[in-house]
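Worksheet for the structure shown next.
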Amino acid sequence: MPHRPLKQVLVVDDDADLLAVVSLALGALGGYTVETCSLPRAAAETARAFGPDLVLLDVMMPELDGYGVLQALREQPATGQLAVVMMSAQADQRETAYYLSAGCTGVIRKPFDPIGLPARLEEFWEVHCQKRAQSHQVEFELLRRAYIGELAEKMNAMQAAAAQLAAAGWDRSVLESLARLAHRIAGSAGLYRLAGLSRSASALEEIVNRMLSGPIWPPASAPSDLARLVQAVGRTARAEAGYAPSPPRTPERPSPRAAPSRPR
């Protein structure tokens, strides 16, 4: 899937000449919408108001350096996931590694050629989008595993409702609860890439709703027939999701890593 294009760039630097040159290069050559900020303490608020895709951030600034601005950006939900590229006149290997470990997408060494800046930012934007996609995939897999871990409980609830009908006969309230369970599973299973279970639960929901809305009550079919359909949904769930008889524990998220120490 292609990444969304880089469109808006915020440039933070206390050097007015650099802001002018970079804005011209990014706007005229890159076609980006560019916002500038010469006050580092105002950078986080400017980013929140402007909504950039990427922040081009100078390291050495008065009152608040680039690392301080980066921390301020990361503390705000609206700016916490922004791509941030540092500009530094001392971007040696150690400093570059430090800023990358602190959450930057890349580092550009000053002085740089403004003509080539749009291409450099496109490279960094590609890296940022790939990392975000990988992060979303990991988060999705955690949610999917948790969902599968809870499937046994959902299937047991459906089996219990079907068993109650088979033992005591047709009961509208029990049948309605079974329809709600099937409806929820039909929708959620599809979201978690369990297409077979989604189709099976959807078919069960349709059959139960026809019974509930039909002109004859109680239905002419035997409750045991419906119980067999519910068992078929359960078999589909076990085959497709592969869950164990007893639900596994929800995987724990890894504890946050400590902030890296700054280079001296």
5 Å binning of all Cα-Cα separations within the chain, expressed as whole percents from 0 upward: 1, 5, 11, 12, 11, 8, 6, 6, 6, 7, 7, 6, 5, 4, 3, 1, 0
message: Give me the net charge for the shell around GLY196: Cβ to Cβ below 14 angstrom, other residues only, Lys and Arg +1, Asp and Glu -1.
response: +3
- request: Set the Förster radius R0 to 45 Å, insert the Cβ-Cβ distance between ALA157 and ALA42 as r into 1/(1 + (r/R0)^6), and round the FRET efficiency to 0.05.
  value: 0.25
- line: Quick calc, the chain, dipole around Cα centre from Cβ unit charges on Lys, Arg (+) and Asp, Glu (-), nearest 20 debye, gives 1200
message: Once you keep just the Cα pairs under 8 angstrom separated by 6 or more residues, what percentage relative contact order results for the chain?
response: 15
query: What list of ³J(HN,Hα) values in whole Hz, one per residue of segment 102-110 in order, does the Karplus curve 6.51 cos²θ - 1.76 cosθ + 1.60 (θ = phi - 60°) give from phi, with Gly and Pro shown as x?
result: 7, x, 6, 7, x, 10, 10, 7, 8
message: Report the Rg/Rh value for segment 1-50, based on alpha-carbon coordinates and the Kirkwood definition of Rh.
response: 1.03
query: Among the lysines, which fall within straight-line cross-link reach of LYS7, defined as a Cα-Cα distance under 23 Å, with same-chain neighbours fewer than 8 residues apart omitted?
result: LYS131
query: Using the Karplus equation 6.51 cos²θ - 1.76 cosθ + 1.60 (θ = phi - 60°), what ³J(HN,Hα) coupling, rounded to whole Hz, does each residue of segment 55-64 give in order, writing x for Gly and Pro?
result: 10, 9, 10, 6, 7, 8, 9, x, 6, 9
- request: Do me a favour and compute the ellipsoid semi-axes for segment 93-171 from its Cα gyration tensor, root of five times each eigenvalue, largest one first, whole Å.
  value: 57, 13, 6
From phi via Karplus (6.51, -1.76, 1.60), per-residue ³J(HN,Hα) for segment 142-155 in Hz, x at Gly/Pro: 4, 5, 5, 5, 5, 4, 4, x, 9, 5, 4, 5, 5, 5
field: Proportion of all alpha-carbon pairs of segment 34-120 beyond 19 Å (%)
entry: 35
statement: segment 45-79 and segment 205-223 have their Cα centres apart by a whole-number Å value of 61
query: Based on the Cβ-Cβ distance from GLU126 to TRP170, what FRET efficiency comes out when R0 is 45 Å, to the nearest 0.05?
result: 0.15
query: What FRET efficiency comes out for the pair ALA232/ALA97, r = Cβ-Cβ distance, R0 = 41 Å, nearest 0.05?
result: 0.15
Estimated [θ] at 222 nm from DSSP helical runs (n ≥ 4, -39500 (n - 2.57)) normalised by residues in the chain, nearest 500: -19000 deg cm²/dmol
- request: Give the Kirkwood hydrodynamic radius (Å, one decimal) of segment 139-241, defined as one over the mean of 1/r across all pairs of different Cα atoms.
  value: 13.8
Under 5 Å, built H, 5+ apart or other chain: amide partners of ALA83: VAL55
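None of the figures in this text is laboratory data; all of them are computed from the coordinates on show. Just so you know, these numbers come straight off a predicted model, no measurement behind them. Positions of Cβ are generated from backbone atoms using ideal geometry, with glycine treated the same way; all protein chains shown enter the neighbour counts.
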